[in-house]
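Below is one structure; the comments refer to it alone.
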Amino acid sequence: MAAPLLQDGGRGCLLLLVRLERRAQCVKRLLHSRRPARTASTSCEHARDAGSLPWESVVGLEIHAQINSVSKLFSSSEVKFAAPPNSTVSFFDASLPGTLPAGYQITQQRLPIAVNGFLTYRHQVGTSWNQMVTKCVRIKQVQLEQDSGKSLHDDTMHQTLIDLNRAGIGLMEIVMEPDMTCGEEAAAAVRELQLILQALGTSHANMSEGQLRVDANISVHHPGEPYGVRTEVKNINSARFLAKAIDYEIKRQTEILDHGGTILNETRAFDYKLGVTVPMRDKEGKQDYRFMPEPNLPPLILYDAKSLPANVNADQVINIDLIKEKLPELPSVTRERLIEQYGILPEHSFTLVNEDGLQEYFEAVTKLSTVDPKKIIGWVIKDLLGYLRLQNLTIKQSVVSPSELAELLTLLEKRAISSSAAKQVFQDLCKGEGKTPAQIIKEKNLGLIIDRGQLEDICQKVIDGQKEEVLAIQRGNLKVMHKLIGLVQKTTKGRADPVLVKTILEEKLLP
């Protein structure tokens, strides 16, 4: 029984454990302060009205990440999203642990695999990317536990049904201290954690499929006063909904307290359609969870190089130093590398890393062309990603391959086509007709007119037809030159090199 626990669950938790050990100075700074510092300038504070005491909000998170495993912790039952109810359940899953509300739940909650960690994340406090701050949230503990069965309430038939498909699935629970103050902070921390888990391979962390679920604990109080009564908003499966649920709950609690009311210690759910939290039940006591030590499971012992016993088979122990050496590049390191290697802006590095598959796409284009990466990044983020978002598609669903975009940008760099023609070719590539950029350019005759003599004739015809504009230019109004360039481009259907057109016009009109 212990083998799958160590193989599928322990390794994932340990990889995160190693991540949590880094940057100890940040941890010490946070641990020495009784509560996180909050100033009147923070966007997360809430005031009742002018002249009254502001409210300070406190947010802590409990995050459940489904570990990346094909089977459950203690049975060979398949882990499969959206399977028919009770179709992936063994007799063991159904009769023993994990069958809440009928049984009990196994967890490392009393002896967590990691404690006193932290997560560093970037939080945007204004409308501009320049208005970002780096923050740390303390992680109280990380533990492995089972998922439990799911209750399905049928209000029409007045009955409750039980689906045990989730019973026994391995979860990593990350308990974050109440160091955050608003929805956007919490959402930013969850997004960063999601990227770390995905980079490590610990969890797919797909929130839409329930592989990453968040419980948020929220309370408000006046500065200098004890923390207020908290409420818990359960099972939020979207970073965007998490931010909305927290901010709504902060607003709800402050309004109740402003009117002399009392906050109940209760569990609530977020109705994403209405954008409000609604009561579920009174807050459970610890006994309601029915956590219990499992006597049939041996303890999980971790070692480092210094504590490793002599004459022990390395395959039979968990050495966190060896795991640390095998860590892949993590998101924060990737962002720094992208900025240094390609000279792109920090905000661009965040977009590349935060959008699943976009970094790999960008780097593939850079390898396939000699175009300046700072030019490539605009096409990847503005044109490609912008188009995909309009179509509600992911990067992996893009019909424009990295090689096709690299070919298009190379042709643009060599001035074989104009920038406007390149945009037109890109739009045609998005149709997914299987044509290369060169084929599209040839079929639609979009190549640049590179014959100077031909361009000089066209420029002269435009000059002859725009006598007032020519006089204005000769009198020193050079802004009119842009109109003439536009007329030449219109005549050539965008096939003229605007730089060459400008040069010819200046030679003809300026002394």
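A quick yes/no check of all residues on (1) modelled with pLDDT under 70; (2) surrounded by fewer than 17 Cβ atoms within 10 Å (Cβ to Cβ); (3) of a type in the set (A, V, I, L, M, F, W, C):
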{"residue": "CYS44", "(1), (2), (3)": "yes, no, yes"}
{"residue": "HIS64", "(1), (2), (3)": "no, no, no"}
{"residue": "VAL70", "(1), (2), (3)": "no, yes, yes"}
{"residue": "VAL89", "(1), (2), (3)": "no, no, yes"}
- Message: Being open to solvent by 10 Å² or more (accessible area, probe 1.4 Å) and of a type outside the set (S, T, N, Q) is the requirement here; does ASP147 meet it?
- Response: no
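The rows are residues; the columns are (1) in contact (Cβ under 8 Å) with a residue 40 or more places away in the chain; (2) within 23 Å of SER238 (Cβ to Cβ); (3) under 19 Å from the mean Cα position of the chain (by Cα); (4) assigned to a strand (DSSP E or B).
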{"residue": "SER148", "(1), (2), (3), (4)": "yes, yes, no, no"}
{"residue": "ILE162", "(1), (2), (3), (4)": "yes, no, no, yes"}
{"residue": "ILE174", "(1), (2), (3), (4)": "yes, yes, yes, yes"}
{"residue": "GLU185", "(1), (2), (3), (4)": "yes, yes, yes, no"}
- Note on the structure: Inside segment 323-365, the number of residues satisfying the requirement of being open to solvent by less than 20 Å² (accessible area, probe 1.4 Å) and more than 28 Å from GLY126 (Cβ to Cβ) is 3
- Residue among LEU161, LEU242, LEU152, LEU171 that is touching a strand residue (DSSP E or B) at 6+ places or on another chain (Cβ under 8 Å), hydrophobic (A, V, I, L, M, F, W, C), within 19 Å of THR267 (Cβ to Cβ) and surrounded by fewer than 19 Cβ atoms within 10 Å (Cβ to Cβ): LEU152
- Pick from segment 306-335 the residues that are in a helix (DSSP H, G or I), out of contact with any helix residue (DSSP H, G or I) (no Cβ under 8 Å at 6 or more places or on another chain) and charged (D, E, K, R): which of them is modelled with the lowest pLDDT? ASP315
- Query: So, of the residues in segment 441-463 that are open to solvent by 90 Å² or more (accessible area, probe 1.4 Å) and acidic (Asp, Glu), which turns out to be nearest to LEU505 (Cα to Cα)?
  - Reply: ASP457
- Query: Does LEU471 fit the bill of being over 30 Å from PRO402 (Cβ atoms), in a helix (DSSP H, G or I) and open to solvent by 30 Å² or more (accessible area, probe 1.4 Å)?
  - Reply: yes
- Query: Listed residues SER403, SER420; which is touching a residue at least 40 places away in the same chain (Cβ under 8 Å), of a type in the set (Ser, Thr, Tyr) and either out of contact with any Lys or Arg (no Cβ under 8 Å at 6 or more places or on another chain) or open to solvent by less than 60 Å² (accessible area, probe 1.4 Å) (or both)?
  - Reply: SER420
- Working only within segment 208-230, note down all residues that are surrounded by 21 or more Cβ atoms within 10 Å (Cβ to Cβ) and over 20 Å from ILE256 (Cα atoms). GLN211, LEU212, VAL214
- Message: Can you say whether ILE381 is outside any helix (DSSP H, G or I) and either in contact (Cβ under 8 Å) with a residue 12 or more places away in the chain or out of contact with any strand residue (DSSP E or B) (no Cβ under 9 Å at 6 or more places or on another chain) (or both), as far as the supplied structure shows?
- Response: no
- Across segment 307-333, what is the number of residues that are free of Cβ contacts under 8 Å to residues at least 60 places away in the same chain and not hydrophobic (A, V, I, L, M, F, W, C)? 10
- Query: Going by the conditions given, is LYS234 open to solvent by 10 Å² or more (accessible area, probe 1.4 Å) and either out of contact with any strand residue (DSSP E or B) (no Cβ under 6 Å at 6 or more places or on another chain) or of a type in the set (Val, Ile, Thr) (or both)?
  - Reply: no
- Any residue in segment 480-492 that's over 10 Å from VAL462 (Cβ atoms): show its pairings with residues that are at pLDDT 90 or above and of a type outside the set (S, T, N, Q) at Cβ separation under 6 Å, as long as the two are six or more apart or on different chains. VAL480/GLU469; VAL480/ALA472
- Message: Give all pairs with beta carbons closer than 7 Å in which a residue from segment 345-368 that is over 23 Å from ALA188 (Cβ atoms) meets a residue that is open to solvent by 60 Å² or more (accessible area, probe 1.4 Å); count only pairs at least 6 apart in sequence or on separate chains.
- Response: LEU368/SER403
- Give ARG230, ARG191, ARG213 a once-over and let me know the one that is of a type in the set (Lys, Arg) and in contact with a helix residue (DSSP H, G or I) (Cβ under 7 Å, 6 or more places away or on another chain). ARG191
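The values are calculated or read from the model by the stated rules, or taken from the named source; none is laboratory data. This one's a predicted model, so the numbers in the text were calculated from it and none came from an experiment. Backbone-built Cβ (ideal geometry, glycine too); neighbour counts: all protein chains shown. Note: areas computed on protein heavy atoms with side chains; ligands, DNA, RNA excluded. Shrake-Rupley method; radii C 1.70, N 1.55, O 1.52, S 1.80 Å.
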